[in-house]
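Enquirer: Before we start, here is the structure in question, set down as structure tokens.
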Amino acid sequence: MVMAIKKLKVAVVIPTHYNIKSSLHVLLSGYRRLIKDKNVDVTIFTDKKNKAGYKGFKVVNIQSVDYKTPIEKALFALGVPRFYYTDIIQKLKGYDVIETSNPEFYMFAYQSYLAAKKYSSRLVYRTSQTVDGFFLFNLTKYLTRPFIKKAYDFASALLFTNPQAAQRCLRLGYATNKKKFIILGHGIDTALFKPIKVKKSKKKILLSVAGLIQLKGHQLILQALKKIHEQGAKNVELWIVGDGPYKKKLQELTASLGLQGSVKFLGGIGHEKLPKIYSQADIFVLANFQEITPAVSEALACGTPVVVMECGGRRFILPNENYGLVSKKFDVEDMASKIMALLKDPSLRQRIAQKGRKRVIHKFSVPLYAEQLYKAIKEGEK
């Protein structure tokens, strides 16, 4: 008689991160691969307020105290963990592995540690954060560090999307055992994100893909576009993909710069439709204040050259300017200069596009990402 092999039960605790048009799709693509290829059962824990569903995954809804309330904003300003859930520990019983975000920012991640300890589950933390923290964090971190360090010490594996995120954890004194570190990167579906033959616009198209919030830096790209127009390149247009609360201010800035006819707000677009948008663009531009995003690798996978403002994790994706041009942080003049350099040199655009796609395929494809993810949740299984 053949005994059935017990599936590895994994709880992915991401209650406030639910928009699949964001970088969440990278994590889900990795887990979908594991569900398909490995003996893994994955359940996503999400906030009841989100009413979210994820194709191919089980979903458990949990009840928050402060999510989407003024309390959340106050805790964020104080620099202490937010998003406390009343029923999370009870509902995490029975899982072999609990995978979640960084506990210095998220109370649900600390509660995941308490659940893992109570039920003898394996705990895995995952973060892309490269800046220390926000607002009063540099003061309050001394109060919370003893508790947070216990959680990090208990974790069996620590996943980082780039080496700078790992260095941050070391610098803050949260993690000390480098043997737990796994540099995960962003997993890119290179079968989906690939060059597509499309009808090109007569204009030169710049593309920005990110949520419409101030930290994503769309306003800097608008200012760079104005500089480009002032240099006589008025046939350059900017397409912005994404939704968010900063949209009205970006539209007002567009009008004040006199760019209404040269900027298109395309709204949120599903990932299955993005390859066509990337392929229509001549240059992808990232101006994120914090970390490099999966959109850079997606653009390169589609054969679109990139200009990236210096940010956390940039060197991991673009080790040098053979793979994309890098502008100085918050320097709109330099950003415009780098964009113009690509616009004026088709052969440079082609070289960057070719080398960039090759690097993404060899370093950041979903199968490689999924293997690293599996290593984190499987090794040391209890």
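Enquirer: Arrange Arg126, Arg349 by Cβ neighbour counts within 10 Å, fewest through most, would you?
Expert: The most exposed by this proxy come first: Arg349, Arg126.
Enquirer: Once you wrap a convex hull around the alpha carbon atoms of the stretch 122-255, what is its projected area averaged over all directions, in nm²? Walk me through the numbers before you get to the answer.
Expert: Working: hull surface 50.0 nm².
Quarter of the Cα hull surface area: 12.5 nm².
Enquirer: What are the extents of the Cα atoms of the stretch 204-363 along their three principal axes, in Å, largest first?
Expert: Result, largest extent first: 42, 33, 27 Å.
Enquirer: What Rg and what Dmax come out for the chain when only alpha-carbon atoms are used, in angstroms?
Expert: Expressed in Å, the Cα Rg and Dmax of the chain come to 21.4, 77.
Enquirer: To the nearest Å, what is the center-to-center distance of the stretch 273-299 and the stretch 107-176, using C-alpha atoms only?
Expert: Value for the Cα centre distance between the two parts: 29 Å.
Enquirer: Just want the ordering: Glu379, Glu72, Glu298, from fewest to most Cβ atoms lying within 10 Å of their own Cβ. Show your work: numbers first, answer last.
Expert: On the way: Glu379 12, Glu72 17, Glu298 27.
By the 10 Å Cβ count, ascending: Glu379, Glu72, Glu298.
Enquirer: Take each of the peptides 252-258, 79-85, average the number of other beta-carbon atoms within 10 Å over its residues, and list them starting from the highest. Present the calculation step by step, with values, prior to reporting the outcome.
Expert: Numbers: 252-258: 14.1, 79-85: 21.9.
Descending packing order for the listed peptides: 79-85, 252-258.
Enquirer: So if we plug the beta-carbon distance of Arg315 and Val131 into 1/(1 + (r/R0)^6) with R0 = 22 Å, what FRET efficiency do we get, rounded to 0.05?
Expert: Details: r = 16 Å, r/R0 = 0.71.
My answer for the efficiency is 0.90.
Enquirer: What share of Cα pairs, in percent, lie more than 17 angstrom apart in the stretch 285-382? Each step should come with its number before you reach the end.
Expert: Numbers: 2532 of 4753 pairs.
Tail fraction, whole percent: 53.
Enquirer: Sticking with this one: What does the extension gain come out to for Ile361 and Asp331, with contour length at 0.36 nm per residue minus their alpha carbon separation?
Expert: 7.7 nm
Enquirer: Now, a different point. If you fit an axis through the alpha-carbon atoms of helix 24-37 and take the longest principal axis of the Cα set of the chain, what angle between them do you get, 0 to 90°, nearest 10?
Expert: Result, in degrees: 60.
Enquirer: What number, in percent, do you get for the relative contact order of the chain if the mean sequence gap of Cα pairs under 8 Å and at least 6 apart is divided by its residue count? Show your work: numbers first, answer last.
Expert: Values: 725 pairs, mean separation 61.4, N = 382.
Averaging sequence separation for qualifying contacts and normalising by length gives 16 percent for the chain.
Enquirer: Which of His229, His25 has the fewest other C-beta atoms within 10 Å, and how do the rest follow up to the most? Mind showing how you got there, number by number?
Expert: Details: His229 17, His25 20.
In order of increasing Cβ crowding within 10 Å: His229, His25.
Enquirer: Please provide three numbers in whole Å: the alpha-carbon extents of the stretch 1-137 along the principal axes, with the largest listed first.
Expert: Computed over the Cα atoms, the extents are 61, 34, 29 Å.
Enquirer: With everything on Cα atoms, drop me the angle between helix 366-378 and the longest principal axis of the chain, reported from 0 to 90° to the nearest 10.
Expert: 20 degrees
Enquirer: Considering Cα pairs under 8 angstrom that are at least six residues apart, work out the relative contact order of the stretch 204-363 and quote it in whole percent.
Expert: Working: 274 pairs, mean separation 37.7, N = 160.
Dividing the mean separation by the residue count of the stretch 204-363 yields 24 percent.
Enquirer: Along its three principal axes, how long is the stretch 68-183 when you only count alpha carbons? Whole Å, largest extent first please.
Expert: Per principal axis, max minus min of the Cα coordinates gives 37, 34, 23 Å.
Enquirer: Round to the nearest 10 and give me the degree value, 0 to 90, for the angle of helix 107-119's Cα axis relative to the longest principal axis of the chain.
Expert: Here the helix axis deviates by roughly 30 degrees.
Throughout, read-outs are computed from the coordinates displayed, never taken from laboratory work. Computed from a predicted model, the values in this text were never measured in an experiment. FYI the Cβ positions are ideal-geometry reconstructions off the backbone, even for glycines, and counts take in every protein chain you see.
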